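Have a look at the structure below, then the notes.
The values are calculated or read from the model by the stated rules, or taken from the named source; none is laboratory data. The structure presented is a predicted model; accordingly, all values stated were derived computationally and were not measured. In this analysis, Cβ positions are derived from the backbone assuming ideal geometry, glycine residues included, and neighbour counts consider all displayed protein chains. Calculation scope for accessible area: heavy atoms of the full protein, side chains included, ligands and nucleic acids excluded. Shrake-Rupley method; radii C 1.70, N 1.55, O 1.52, S 1.80 Å.
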Amino acid sequence: MTSTKLSFSHGMLRRLATLALVSGVALSATAAQNIKIGVFLPMSGDQSSFGDETMSGVKMAVEEINAGKDFKIELFTQDEKSNPTDSANAVKKLINVDKVDVVVGTVASSNTNAAAPIAQAAKVPLMSPTSTNVKVTDVGEYVSRICFIDDFQGSAMAKFALKPKAEGGLGAKTAVLVIDSSSEYSKGLSAAFREVFTKNGGKIDNDGEIFYVQKDRDFSSLLTKIKRKKPDVVFAPGYYTEIGNMIRQAHTFGITAKFLGGDGWSAPQLFTLAGEKAIVGHYFSDHFSHEDTDPAVQDFVKRYRAKYGKDAPGMAALGYDSIRVVIDAAKRAGKVERTALMKAINSTKGFKGVTGVITLDAKRNANKPLVILETQKDRATFKTRVNP
C-alpha cells in the first residue's frame, strides 16, 4: 500500500480541532485545561509583608504549572488591604466579576472569616494558605486550608516552654499572655497555650492576660505589668508589626523573659523593628524552615533563591503549596467545575508539599507538623520540629 503524507496549515489544524469538538471526536493531542484562580492577599496595610511573601510563592507555582501541558492558570488578584471589609469585597469581585473557579486567601484569620461566608454562599471553593484560627472552616464545605490550626500552634509552644532545658525546652514555670484583642488569631493561640501550659503544671495568674489592639505602638503600660510579674516566658501571638515594637521596648525596660509567638511573627520586618540587641533569643512557631534538609524542600529553596535572590520564607512556601494543591485537586476532579473542585480539594490526602505532607481532615484542616524557630540578630534559625 502506498502511504501519503498530508500537510496542514496552523489555520486548518485549528478548524479541524473545532470540528472535532463539535462532532464529539477527540483529537490525539489534548489541550491544557484552563482554570481561573482568584487570589486575595494583603498587598498593603500592616500585613503587607505576609501578602508579598505569599504572592511570591503563588506566582512561582503558577509559572511552573503554566509551563507544563496539563493546566493553564488565569490568575486574578485582589488587595484585601489587611482588613476584613476589604477582604469580603475582594472575594465578591473575584467571584461575581472575574468569575473565578477557585479562591485562594487570605493570611489573617479575621480577614478570611469575613470572606469565607461569601464563598460558601456562592458555592465557590475557598482555600486559605495561612489562616490558622479554628473557626475558619466552620462556615461550610466550600472552605478549606492547607495550614495547621491555632490549637496545635498554641499547645506546641506551651509544651516547648515547659520542657526542661536539658531536653531542649525552656524549663518555664510561669507565663504571661499578651493578647491582641482585635484578632481571632491571637485569642485562639492564647487559649490553647493557657490550657496546655496550666494543665501540665505551669502557672498563669488570673490577671496574667494583658491586652492590646492592632496598630498600637506604645506598649509602656503593658510592659510595666510584665516587669512587675517577672514571668519566665511571655506568650505574645500577634503580628510582626506590633511584636517587633513590643520586643524592642521590652529590652529597654530590662525585661529578660523569653518572648514566644506563632507564625504571625514570620517576617523580615520583625528583626528590623525589634533591633539586633532586643530580638536575639526568642522563639516562634512556623510552617516551614529553609534549613529543612528534606530534598524536596531544598530543591524549592534553591529555585526560590534563584528566582527572588533570597531565602524562602514560610508564607511563600504556603502560597506555593496552595496553588499546587488546587491543581492536584483539579486533576483528580477530571474537570474544572466548582463543586467537583470542592470535593477533590476536601479529599486531599498525602500530598507532598514543601511545607510537609498535606492531608485534610473531616473539617478540612491540614494535619501536618510545625517547626519552632529561634530568633537571631537578623534571621530565624531552626530549633525543633513538632509533629501533630
**Prompt:** Taking only C-alpha pairs under 8 Å that are 6+ residues apart, what is the relative contact order of region 277-368 in percent?
**Reply:** 21
**Asked** With r defined as the distance between the Cβ atoms of Asp299 and Asp138 and R0 fixed at 35 Å, what FRET efficiency is calculated, to the nearest 0.05?
**Response** 0.45
**Request:** Working with all protein chains in place, sort Lys227, Lys363 by solvent-accessible area computed with a 1.4 Å probe, largest first.
**Result:** Lys363, Lys227
**Fill in**
Note on the chain: helices (DSSP H) long enough, at least 27 Å by alpha carbon along their axis, and hydrophobic enough, mean Kyte-Doolittle at least -1.0, are 314-333
**Item:** region 235-307-region 181-199 distance, computed between alpha-carbon centres (Å)
**Value:** 19
**Item:** Solvent-accessible surface ranking, highest first, for Glu80, Glu374, Glu291 at 1.4 angstrom
**Value:** Glu291, Glu374, Glu80
**Prompt:** Percent relative contact order of the chain, based on C-alpha pairs within less than 8 angstrom and at least six residues apart?
**Reply:** 16
**Heavy-atom accessible surface of region 71-176: percent carbon and sulfur, 1.4 Å** = 51
**Message:** List the pairs from Lys258/Lys302; Lys99/Lys363; Lys159/Lys230; Lys187/Lys363; Lys59/Lys352 whose alpha-carbon separation is above 28 Å, in the order I gave them.
**Reply:** Lys258/Lys302
**Positive-end extreme of charge dipole, region 110-185 - chosen from Met157, Met127, Cys147 (charges on Cβ)** = Met157
**Item:** Solvent-accessible area of Ser110 with every protein chain in place, 1.4 Å probe, in Å² to the nearest 10
**Value:** 30
**Request:** Enumerate the whole-percent occupancy of each 10 Å bin, from 0 to the last occupied one, for all C-alpha pair distances of region 207-320.
**Result:** 13, 41, 27, 15, 5
**Reciprocal of mean inverse Cα separation for the chain (Kirkwood radius, Å)** = 22.0
**Asked** Using a simple spin-label model with points 7 Å from Cα along the Cα→Cβ vector, what separation in nm is obtained for Asn200 and Lys159?
**Response** 0.6
**Message:** Under the √(5λ) rule applied to the eigenvalues of the Cα gyration tensor, what semi-axes describe the equivalent ellipsoid of region 47-135? Give them in Å, descending.
**Reply:** 21, 16, 11
**Asked** Could you give the accessible area per residue of the chain, probe 1.4 Å, as a whole number in Å²?
**Response** 45
**Item:** Gaussian network model of the chain, Cα within-10 Å springs - most flexible of Asp86, Asp207, Asp101
**Value:** Asp207
**Request:** Report, in debye and to the nearest 20, how large the dipole of the chain comes out about its Cα centre when Lys and Arg carry +1 and Asp and Glu carry -1 on their Cβ.
**Result:** 600
**Message:** Just to be sure I follow: if Rg is taken over the C-alpha atoms of region 246-388 and Rh is the Kirkwood radius over the same atoms, what is Rg/Rh?
**Reply:** 1.06
**Request:** Leaving ligands, DNA and RNA out of it, report the carbon-plus-sulfur percent of the accessible area of region 240-388 at a 1.4 Å probe.
**Result:** 50
